[in-house]
1. Among the candidates 79, 23, 109, which residue alone is at pLDDT below 85 and touching a helix residue (DSSP H, G or I) at 6+ places or on another chain (Cβ under 6 Å)?
2. Look at the stretch 20-43 and say how many of its residues are closer than 26 Å to residue 7 by Cβ and either touching a strand residue (DSSP E or B) at 6+ places or on another chain (Cβ under 6 Å) or surrounded by 11 or more Cβ atoms within 10 Å (Cβ to Cβ) (or both).
3. Only one of 71, 95 is more than 20 Å from residue 203 (Cβ to Cβ) and modelled with pLDDT of 75 or more. Can you tell me which?
4. Taking the options 96, 115, name whichever one is out of contact with any helix residue (DSSP H, G or I) (no Cβ under 9 Å at 6 or more places or on another chain) and surrounded by fewer than 11 Cβ atoms within 10 Å (Cβ to Cβ).
5. Report, ordered by the first and then the second residue, all pairs with beta carbons closer than 9 Å, sequence separation of six or more or different chains, a first member in the stretch 39-65 that is without any contact (Cβ under 8 Å) to a residue 40 or more places away in the chain, and a second member that is exposed (fewer than 13 other Cβ atoms within 10 Å of the Cβ) and assigned to a helix (DSSP H, G or I).
6. Read through the list (1) surrounded by fewer than 13 Cβ atoms within 10 Å (Cβ to Cβ); (2) at pLDDT 90 or above; (3) closer than 16 Å to residue 59 by Cα, then give the number of the only condition that residue 15 fails.
7. Criterion first (modelled with pLDDT of 85 or more, in a helix (DSSP H, G or I) and under 21 Å from the mean Cα position of the chain (by Cα)) does residue 51 satisfy it?
8. Given the condition outside any helix (DSSP H, G or I) and in contact with a strand residue (DSSP E or B) (Cβ under 7 Å, 6 or more places away or on another chain), answer yes or no: does some residue in the stretch 103-113 qualify?
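The values are calculated or read from the model by the stated rules, or taken from the named source; none is laboratory data. A quick note: this is a predicted structure, and the numbers were derived from the prediction, not measured. Here the Cβ positions follow ideal geometry from the backbone for every residue, glycine too, while neighbour counts run over all protein chains shown.
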């Protein structure tokens, strides 16, 4: 059973390696000629869809197969783990990259809760305030816990004809800096990264004799 699974994985990886031109060709024909109507276009579309379905196998293989992971890291980043010094350099680089990614994700997570609202009245006389800028932070379960954004509605708007002061037309623009629907995705990504890093670290520590 294991040999069959390994052969299937190798075939999937081979298709991912050499089948990407089918995906590009299908996308190009989709733009140039529209939806597939002929048999060969349908087969090309199915082949491209199969490539997309097989795509998650690549990162999973790199995660579970150490030899493939080392070859990939060597080709992509020039990193090898031949001795203790190289492993230390790789560990430091991985830790710094994790902290950098987490910092960027936390910043984006906060930006999904930050809203900016600008009210501008170009007809205001000299000496009077032309507008008002409001920056706030809020959390709404209907908006921030819906990854598809179905309940959130439009996050930005431009209104002409509202009144900043009596008798003066104004424009209003506002919304969240980042879409609130990205909140659960970013939160899940942060938790997965922390859990994976801790899990792999504990796994390495278990193999060390103290």
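1. Working: 23 fails: at pLDDT below 85; 109 fails: at pLDDT below 85.
The unique qualifying residue is 79.
2. Step one: list which residues in the stretch 20-43 are closer than 26 Å to residue 7 by Cβ, which gives 20-23, 43.
Those still in the list that are either touching a strand residue (DSSP E or B) at 6+ places or on another chain (Cβ under 6 Å) or surrounded by 11 or more Cβ atoms within 10 Å (Cβ to Cβ) (or both) too: 20, 22-23, 43.
Residues flagged as closer than 26 Å to residue 7 by Cβ and either touching a strand residue (DSSP E or B) at 6+ places or on another chain (Cβ under 6 Å) or surrounded by 11 or more Cβ atoms within 10 Å (Cβ to Cβ) (or both) within the stretch 20-43 amount to 4.
3. Values: 95 fails: more than 20 Å from residue 203 (Cβ to Cβ).
Testing whether each residue is more than 20 Å from residue 203 (Cβ to Cβ) and modelled with pLDDT of 75 or more leaves just 71.
4. On the way: 115 fails: surrounded by fewer than 11 Cβ atoms within 10 Å (Cβ to Cβ).
Just one listed residue meets the conditions, 96.
5. Once the first residue is without any contact (Cβ under 8 Å) to a residue 40 or more places away in the chain and sits in the stretch 39-65, its partners that are exposed (fewer than 13 other Cβ atoms within 10 Å of the Cβ) and assigned to a helix (DSSP H, G or I) give 41/33; 48/24; 48/27; 63/196.
6. (1)
7. Details: modelled with pLDDT of 85 or more: yes; in a helix (DSSP H, G or I): yes; under 21 Å from the mean Cα position of the chain (by Cα): yes.
So residue 51 passes the test.
8. Initial filter on the stretch 103-113 (outside any helix (DSSP H, G or I)): 112-113.
Among the residues that remain, those that are also in contact with a strand residue (DSSP E or B) (Cβ under 7 Å, 6 or more places away or on another chain) are: 112-113.
Taking every residue of the stretch 103-113 in turn, at least one turns out to be outside any helix (DSSP H, G or I) and in contact with a strand residue (DSSP E or B) (Cβ under 7 Å, 6 or more places away or on another chain).
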